[in-house]
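What follows is a single structure, written as structure tokens, with notes after it.
The values are calculated or read from the model by the stated rules, or taken from the named source; none is laboratory data. These numbers were taken from a predicted model, which means no experiment stands behind them. Methodologically, a virtual Cβ is constructed for each residue, glycine included, from the backbone with ideal geometry; neighbour enumeration extends over all protein chains shown. Each accessible area value is taken on the protein alone, full model and side chains, heavy atoms only, with ligands, DNA and RNA left out. Shrake-Rupley method; radii C 1.70, N 1.55, O 1.52, S 1.80 Å.
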Amino acid sequence: GAGVSQSPSNKVTEKGKDVELRCDPISGHTALYWYRQSLGQGLEFLIYFQGNSAPDKSGLPSDRFSAERTGGSVSTLTIQRTQQEDSAVYLCASSSTDSNQPQHFGDGTRLSIL
Amino acid sequence: GNSVTQMEGPVTLSEEAFLTINCTYTATGYPSLFWYVQYPGEGLQLLLKATKADDKGSNKGFEATYRKETTSFHLEKGSVQVSDSAVYFCASDRGSTLGRLYFGRGTQLTVWP
């Protein structure tokens, strides 16, 4: 597709369950980013991929959070044993490696933990 | 370290009023600076950017000038419209093309007819 695609757009789950969020970047974009947007916290960086490796995962809030990227394309963000404070909109962005190219964002996945 | 601070608002204006949203940054290198906009129910869209000191980014009537001496990148528009109602985020990178962005907290703008 033309833009960054994220699925599902909404996810409601019970506390303690595991969830997987998916991101399809723009074709040809080698860099991929996950951010989290929550009330009172603004936009928090989670992890950055260059190809299939993650040179910066400093924003992952705990070891319950993990992410992977395969084939230099699709990425999944997994949250294990979800807690209510994990409720947020999870945003994915991608960019090319050409100089001065900006990050392009998807519409996000709204995650609600009951 | 790197950080971005922006006027949080909310900001409420009448149509055709002048808009300024303040943004300042701290950085160890020479970052590029960005304004992103988030319309209701949508993801973030790049509004404008500037890559070096004294550059002016502009788009849709919005402007921002990269001021190294004051470490600022204030967003301005001379005459706002109802359709400009959205949340505006100031952001910086680390001074290289790749890597994370540092975002401000966002400013909610509401424009009344």
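Here's the list of aspartates and glutamates a cross-link from B:K49 could span, going by alpha-carbon distance under 16 Å and ignoring same-chain residues fewer than 8 apart: A:D98, B:E63, B:E76, B:D93. Largest accessible area first, the residues A:D63, A:D24 order themselves as A:D63, A:D24 under a 1.4 Å probe with ligands, DNA and RNA left out.
Shielding of peptide A:22-35 by partners, expressed as the average count of other chain Cβ atoms within 10 Å per residue Cβ, is 1. Between amide H atoms placed 1.01 Å from N, distances below 5 Å from B:S85 occur with B:V111, all of them 5 or more places distant or on a separate chain.
For A:Q83, the shell of other residues with beta-carbons less than 14 Å away shows a net charge of 0, using +1 for Lys and Arg and -1 for Asp and Glu. Can you tell me the relative contact order of region A:1-97? Whole percent, Cα pairs under 8 Å, sequence separation 6 or more. Here the relative contact order equals 36 percent. Listed by chain and number, the aspartates and glutamates placed with their C-alpha closer than 12 angstrom to that of A:K17 are A:D86; residues fewer than eight positions away on the same chain are left out. Computed over chain A with a Gaussian network model linking Cα atoms closer than 10 Å, the most mobile of A:G72, A:G59, A:G42 is A:G42. Within the straight-line cut-off of under 17 Å between alpha carbons, the lysines reachable from B:K52 are B:K68, sequence neighbours fewer than 8 places apart in one chain being disregarded. Dipole size of region A:31-105 about its Cα centre, with +1 on Lys/Arg Cβ and -1 on Asp/Glu Cβ: approximately 100 debye, rounded to the nearest 20. Selection among A:L111, A:V89, A:G16 by position relative to the dipole of chain A gives A:G16 as farthest towards the positive end (Cβ unit charges, Cα centre). For Cα pairs less than 8 Å apart in space and 6+ apart in sequence, what is the mean separation divided by the residue count of chain B, i.e. the relative contact order in percent? Dividing the mean separation by the residue count of chain B yields 37 percent. Would you look at the GNM of chain B, springs on alpha carbons closer than 10 Å, and say which of B:T26, B:T70, B:T12 moves the most? Between B:T26, B:T70, B:T12, it is B:T70 that shows the largest mean-square fluctuation.
When chain B is treated as a GNM with alpha-carbon contacts under 10 Å, the residue of B:Y39, B:Y88, B:Y102 showing the greatest mean-square fluctuation is B:Y39.
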